[in-house]
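Comments concern the structure below.
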Amino acid sequence: MLHYAVIFLVIAIIAAVLGFSGIAGTAAWLAQALYAQDRADEAWDFCQVSRELAADEDLSAQVVGRGVHAKLLARQGRGDEAERLAREAVDLAAKTDLLTHHGEAFLDLAEVLELDGHPAEAETAFRAGLVLFERKGDLVSAERTRMRLEKVCSA
């Protein structure tokens, strides 16, 4: 019981300091991290929290939340719905100057397309993300994207 009290206290402090958008964005990034660890059930929970709390103007939480939600849907075989959501994330990110978010949204779209059996379209999305990471000077994300791109092209 004490464990839940501590979690509740931490969430309350985040809400007090950052507002609900702070919780929504944090939940979205936690969902992405859990997804990357292949912990889909937990990722789904945090994704739902993010999607419920994210304000319309909180584009960071909206983009990241949509991206992980799309990948989770694609893993469930819901490719059309996943692609629509991933493209929404790309479109939202394009309205900002957040190059890293925009690049990550393209990577999420690429993964959705790859999972749905569209490798040529996935390659295009990976290349779009790579361009954004290179423009930003994000060498680590650019290299990570090149490795994923190589994997798609060799399949």
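Every number in this text was worked out from the coordinates using simple rules, so none of it is lab data. Being a predicted model, the structure only gives us computed values, none of them experimental. Cβ coordinates were reconstructed from backbone atoms using ideal geometry, including for glycine residues, and neighbour counts include every protein chain displayed.
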Sorted by Cβ neighbour density within 10 Å, fewest at the top, the residues S60, S154: S154, S60
If I fit a long axis through the Cα atoms of helix 40-53 and take the longest principal axis of the Cα atoms of the chain, what angle between them do I get, 0 to 90°, rounded to 10? 70
To the nearest 20 debye, what charge dipole does the chain have about its Cα centre, counting +1 at the Cβ of each Lys and Arg and -1 at the Cβ of each Asp and Glu? 240
Distance in nm between label sites at V17 and A55, each 7 Å beyond Cα in the beta-carbon direction? 1.9
Of T96, Q48, C153, farthest towards positive along the dipole that unit charges on Lys, Arg, Asp, Glu beta carbons give the chain: C153
What is the Cα convex hull volume of the chain when expressed per residue in Å³? 117
Can you tell me how much longer the chain between A155 and R84 gets when fully stretched, taken as 0.36 nm per residue apart minus their C-alpha distance, in nm with one decimal? 23.1 nm
When the helices in the chain are scored as -39500 (n - 2.57) per DSSP H run of 4 or longer and the sum is shared across all residues, what 222 nm value do you end up with, to the nearest 500 deg cm²/dmol? -28500 deg cm²/dmol
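How high is the relative contact order of region 2-154, in percent, with contacts defined as C-alpha pairs under 8 Å that are six or more residues apart?
On the way: 219 pairs, mean separation 23.2, N = 153.
Value for region 2-154: 15 percent.
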